[in-house]
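Novice: Submitted below is the structure of interest, expressed as C-alpha cells.
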Amino acid sequence: MARGILFLVSAPSGAGKTSLVNALLEAASTAGTSLCVSISHTTRDKRPGESNGENYHFVSVDEFRQMEADNAFLEHAEVFGNLYGTSKAWVEQRLIDGWDVILEIDWQGASQVQGLMPAAVSIFILPPSLESLRERLTKRAQDDADVIEKRMAAAVNEISHFDQADYIVINDVFETALEDLQAVIRSARLSKTHQKDVNGELLRKLVQG
C-alpha cells in the first residue's frame with residue numbers, strides 16, 4: 001500500500017480554514033477518497049457544538065504536559081494561552097495505512113512538522129482583505145471586542161509567514177477556494193514522487209518496454 005501524503009493547512013483565525021477543510025473532507029468521503037484530518041489535543045475549553053474526540057481531544061494541562069514529556073507530539077504550541085499538539089503515533093499510522101492526512105495548524109507548528117517531515121505539503125489560506133477578516137471574526141460572535149483585536153494582531157503576524165507555504169489559497173468566494181484546495185490535493189497525488197510510490201510497478205514495466 002502506498003504511503004499517504006501529509007498536508008499542512010495554515011490560516012489566520014477567521015479565514016475560513018475549518019469550513020473549507022470540512023467541505024474538502026465531505027467531498028472526499030462522497031468520492032470514496034482516503035482523506036482525513038488529524039484531531040489535535042488541546043487544553044482550551046470546548047466551544048458550543050464541539051465534541052471531545054471529534055473536534056479536539058480536550059485534555060488538562062497536566063495531561064498535555066505528560067504527553068509532551070513522553071515526546072508524544074509531532075508538534076505542539078501555545079496559542080492565546082492554550083496548548084495544542086498533534087499525536088505523532090496517530091499521524092504516522094494513518095500515513096502508513098495509505099490515508100492522506102490534513103493537519104490544521106498554525107505557521108509555527110507547520111515549521112516544526114516540515115523540519116521532521118520535509119515531504120509534507122503546506123497550504124496557506126488567506127482572506128481577501130483584513131477588513132473581511134475582521135467582519136468574519138465579528139459575525140462569528142464567539143469572542144468579545146478585546147479578543148477580536150488580539151486575533152487581528154495575531155492574524156497580521158500569521159499572514160506574514162505565508163511565504164513558507166508551498167501553495168496559497170485566497171478564500172474570497174468559498175466554492176472557488178474549495179476547488180483550489182482540491183486542485184492542490186490532486187496535484188500532490190500526481191507528483192512524480194507519489195506516483196513512483198503508487199504506480200511503481202507500472203512505471204518499471206513501461207520503462208522496460
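Novice: Would you point out the residue of the stretch 67-95, among those that are of a type in the set (Ser, Thr, Tyr) and touching a Leu at 6+ places or on another chain (Cβ under 9 Å), that is farthest from GLN114 (Cα to Cα)?
Specialist: Applying the filter and picking the extreme gives SER87.
Novice: Considering only residues of the stretch 1-13 that are surrounded by fewer than 24 Cβ atoms within 10 Å (Cβ to Cβ) and not aliphatic (A, V, I, L, M), which is nearest to ARG140 (Cα to Cα)?
Specialist: Filtering first and then ranking leaves SER13.
Novice: Is it true that some residue in the stretch 146-160 is within 30 Å of ALA31 (Cβ to Cβ), at pLDDT 90 or above, out of contact with any Cys (no Cβ under 7 Å at 6 or more places or on another chain) and assigned to a loop (DSSP other than H, G, I, E, B)?
Specialist: No - not one qualifying residue is present in the stretch 146-160.
Residue-wise test of (1) surrounded by fewer than 17 Cβ atoms within 10 Å (Cβ to Cβ); (2) more than 26 Å from LEU178 (Cα to Cα); (3) free of Cβ contacts under 8 Å to residues at least 24 places away in the same chain.
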{"residue": "ARG44", "(1), (2), (3)": "yes, yes, no"}
{"residue": "SER51", "(1), (2), (3)": "yes, no, yes"}
{"residue": "GLU54", "(1), (2), (3)": "yes, no, yes"}
{"residue": "MET67", "(1), (2), (3)": "no, yes, no"}
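Novice: So, one more: If VAL169 meets every condition in (1) free of Cβ contacts under 8 Å to residues at least 40 places away in the same chain; (2) assigned to a strand (DSSP E or B) apart from one, which number is that one?
Specialist: (1)
Novice: Quickly run through the stretch 121-150 and pick out the residues that are among the small types (Gly, Ala, Ser) and either closer than 23 Å to GLU175 by Cβ or in contact with an Asp or Glu (Cβ under 9 Å, 6 or more places away or on another chain) (or both).
Specialist: SER122, SER129, SER132 - these are the residues of the stretch 121-150 that are among the small types (Gly, Ala, Ser) and either closer than 23 Å to GLU175 by Cβ or in contact with an Asp or Glu (Cβ under 9 Å, 6 or more places away or on another chain) (or both).
Novice: Enumerate the pairs (first residue in the stretch 114-125 and in contact (Cβ under 8 Å) with a residue 60 or more places away in the chain; second residue anywhere and among the basic types (Lys, Arg) and buried (at least 19 other Cβ atoms within 10 Å of the Cβ)) with beta-carbon separation below 8 Å, excluding pairs fewer than 6 apart on the same chain, so at least 6 apart or on different chains.
Specialist: ILE125/LYS17
Novice: Filter the stretch 158-193 for residues that are acidic (Asp, Glu) and surrounded by 15 or more Cβ atoms within 10 Å (Cβ to Cβ); which is nearest to CYS36 (Cα to Cα)?
Specialist: ASP180
The values are calculated or read from the model by the stated rules, or taken from the named source; none is laboratory data. The shown structure was predicted, so the numbers you read here are calculated from the model rather than taken from an experiment. Cβ sites come from the backbone with ideal geometry, for glycine too, and all protein chains shown count toward neighbours.
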